[in-house]
Amino acid sequence: MTREISLSLAWLLVLSVALSCPFETNAAPENRDLRIGQKYEIVGELYVHSVSDDLNSRKVSIISLVPLRLSGPEIISRQLVPTGSVLTVVDKAPKKVFAFLYPDRYVVRVNTIESPVGIPVVIDLSRGIEGKSTALNPLIFKPLF
């Protein structure tokens, strides 16, 4: 009976090690999350896109920062963000319906962008904005401490 208990404990130990190792090695580093108030200097190519949800009125509903030159009927305007600009993370944007289909979105402020009152400036952690071991792509964003 004692031998059976020690074998059971050995199997539990092996099982717990087997289950914990893959999760620990695949876990994202703690510095991957954007923090409210965190500041970054723009050091790479980044575009400001004024986007309209209503193609009939063509009224700007959101301003999106993307490292790509996007075009389409919903894009009202596009301009390059000057290098050296400072981006500040203001808040995490509210989740959408079916949130698992969309990347994380943050409301930000950039010192060189004048946005109309009530129109949020956002970044989505997708399309080259996100980094591999950092929250934001280090080729575009340099953290300021």
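Observations
- J(HN,Hα) series, the stretch 57-70, from Karplus relation 6.51 cos²θ - 1.76 cosθ + 1.60, nearest Hz, glycine and proline x: 8, 6, 8, 5, 10, 7, 10, 10, 9, 9, x, 10, 8, 7
- Whole-number accessible area per residue in Å² for the stretch 45-89, which is evaluated in the context of all protein chains at 1.4 Å: 53 Å²
- Protein-only accessible surface order, largest first, of Asp33, Asp124 at 1.4 Å: Asp33, Asp124
- Selection of chymotrypsin sites (Phe, Trp or Tyr not before Pro), the stretch 56-141, meeting DSSP coil and at most 15 other Cβ within 10 Å: Phe98
- Carbon-plus-sulfur accessible fraction, the stretch 41-133 (probe radius 1.4 Å, protein heavy atoms only): 54%.
The values are calculated or read from the model by the stated rules, or taken from the named source; none is laboratory data. Keep in mind that what you see is a predicted model, and the values were worked out from it rather than measured. Cβ: placed from backbone, ideal geometry, glycine included. Neighbour counts: every protein chain shown. Accessible surface areas use protein heavy atoms only, side chains included; no ligands, DNA or RNA. Shrake-Rupley method; radii C 1.70, N 1.55, O 1.52, S 1.80 Å.
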